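Taken together, the values in this text are just the output of simple stated rules run on the coordinates, not laboratory data. Remember, predicted model here, so these are calculated numbers, not experimental data. With ideal geometry, Cβ positions are generated from the backbone for all residues, glycine too; neighbour counts draw on all protein chains shown.
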Amino acid sequence: MEKKTAIVTGGSSGIGLCTARDLVKEGYTVFDLSRHGTDRDGILHIDCDVTDENAVKEAVDRIVSGQGRIDAVVNCAGFGISGAIECTSPEAAKKQFDVNFFGMVNVNRCCIPEIRKTKGTIVNISSVAACAPIPFQAFYSASKAAINSYSLCLANELRPYGVKIVSVMPGDTATGFTDAREKESSGDDIYAGRISRSVQKMESDERGGMSPERAGAFITSVVTGKSRKPLRTIGLQYKLAVFLLKILPASLSNRLLGFIYAS
């Protein structure tokens with residue numbers, strides 16, 4: 001039987017690296033597309049900025065030329081920004097979407113023709129923040145909400161071809177993502193210190209969150225499993241939180257989020 005091939009963006013660290021390692025253990029030939037990294041743990045690295053359409057196409061063409069197939073794509077590449085909406089520059093907001101959302105779009109556009117042939121799987125990494133809009137991290141939450149909507153649309157478009165599309169929503173996870181967050185602290189005096197308190201609360205939760213190994217194992221089970229549920233949340237407590245946010249009146253759920261992250 002021909003060996004399956006997987007692409008993991010952002011596979012050089014954090015959740016992406018753990019997912020890539022687990023897919024190697026499952027017998028996949030795994031390629032990491034990221035800006036930094038080297039071959040390791042059986043993972044083949046290709047330097048690639050997912051916001052560069054030409055670079056993505058070249059990387060995917062190289063993989064298809066060498067392997068002859070793509071069976072799974074896991075879009076992990078992403079980062080976070082924080083700050084008040086009025087103090088966040090348009091350039092910073094666009095960069096957030098360029099990496100988190102349009103980077104994923106670039107990769108999937110190149111891979112869909114191959115994934116359709118193998119009736120494979122595309123997993124897009126979203127966040128519980130997609131369902132829980134976090135004050136002072138509005139553009140991060142919005143980029144992840146966009147991933148969920150996109151994934152649901154793509155699932156319907158590709159369903160007749162046997163392709164599985166899943167948006168996975170991790171909660172707080174202890175990775176380098178926290179230290180890499182780009183913070184805009186201007187306006188904190190106007191907001192009476194609420195910006196810095198909100199970010200400190202979020203970072204504390206992240207550092208005490210689940211391990212990237214746990215998230216990677218979950219994502220790998222989504223790739224290899226039979227379930228076609230299009231939205232998946234990691235962890236019982238986060239599944240409960242997402243459920244409550246769906247059933248509570250928007251005014252009440254938003255007040256709760258404001259109490260936790262905007263006090």
Viscosity 0.692 mPa s, temperature 37 °C, Stokes-Einstein D of the stretch 173-215 from Kirkwood C-alpha radius, µm²/s: 289 µm²/s
Please report, in debye to the nearest 20, how large the charge dipole of the chain is about its Cα centre when each Lys and Arg carries +1 at its beta carbon and each Asp and Glu carries -1 there. 1200 debye
Using a 10 Å cut-off on Cβ atoms, rank the peptides 245-256, 228-239 from the highest mean neighbour count down. 228-239, 245-256
For the chain, what is the percent of antiparallel DSSP beta bridges, rounded to the nearest 5? 5 percent
Residues whose placed amide H lies under 5 Å from that of Ala262, excluding near-sequence neighbours: none
P(r) for the stretch 217-263: what percent of alpha-carbon pairs falls in each 5 Å bin, starting at zero? 5, 17, 19, 20, 15, 9, 10, 5, 0
Hey, what do the phi angles of the stretch 3-19 turn into as Karplus ³J(HN,Hα) couplings, whole Hz, using 6.51/-1.76/1.60 and θ = phi - 60°, x for Gly and Pro? 5, 6, 10, 10, 10, 10, 7, x, x, 8, 7, x, 4, x, 5, 5, 5
Considering the convex hull of the alpha carbon atoms of the chain, report its projected area averaged over all viewing directions, in nm², one decimal. 13.7 nm²
How much length, in nm to one decimal, is gained on full extension between Glu2 and Arg35, taken as 0.36 nm per residue of separation minus their Cα-Cα distance? 9.0 nm
I want to check a number: in the stretch 153-254, how many lysine pairs have alpha carbons closer than 22 Å, given a sequence separation of 8 or more or different chains? 8
Whole percent per 5 Å bin, from 0 to the bin with the longest distance: what is P(r) over all C-alpha pairs of the stretch 88-145? 4, 18, 22, 19, 15, 11, 7, 4, 1
Please check which bits of the stretch 186-205 a label hung off Glu86 would reach, taking the label as a point 7 Å along Cα-to-C-beta and the cut-off as backbone N under 15 Å. 186-195
The stretch 68-202: radius of gyration and largest Cα-Cα distance (Dmax), Å: 16.8, 57
Over the chain: helical MRE at 222 nm, DSSP H runs n ≥ 4 each giving -39500 (n - 2.57), nearest 500: -15000 deg cm²/dmol
